[in-house]
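Down below is the structure, laid out as structure tokens.
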Amino acid sequence: NCSYFKHFTPGQSSEIFEVTTQKEYSISAAAIAIFSVGFAIIGTICVLFSFGKKRDYLLKPASMFYTFAG
């Protein structure tokens, strides 16, 4: 008699437990990570260009890109 284990008894209204991943969350997390890496790369390019010929005006956009990446 398996009346205690109601989830496993056939014939009755058995419940099926499914463990599914939510693809919407994983896709959006991957997109946010890709945008974050892109902002970090653009910030690094701005910093590298600012060191070349003393272009200090590129440091402010670089800091904004690093902030967006965070």
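Taking the stretch 11-63 as the range and being polar (S, T, N, Q) and at pLDDT 85 or above as the test, the residues that pass are Ser36, Thr44, Ser50, Ser63. Scanning the stretch 26-53 for residues that are under 17 Å from the mean Cα position of the chain (by Cα) and farther than 12 Å from Phe65 by Cβ turns up Ser26, Ile27, Ser28, Ala29, Ala30, Ala31, Ile32, Ala33, Ile34.
The values are calculated or read from the model by the stated rules, or taken from the named source; none is laboratory data. What you see is a predicted model; the values in this text were computed from it and never measured. Counting neighbours? That spans all protein chains shown, and the Cβs are built from the backbone with ideal geometry, glycine included.
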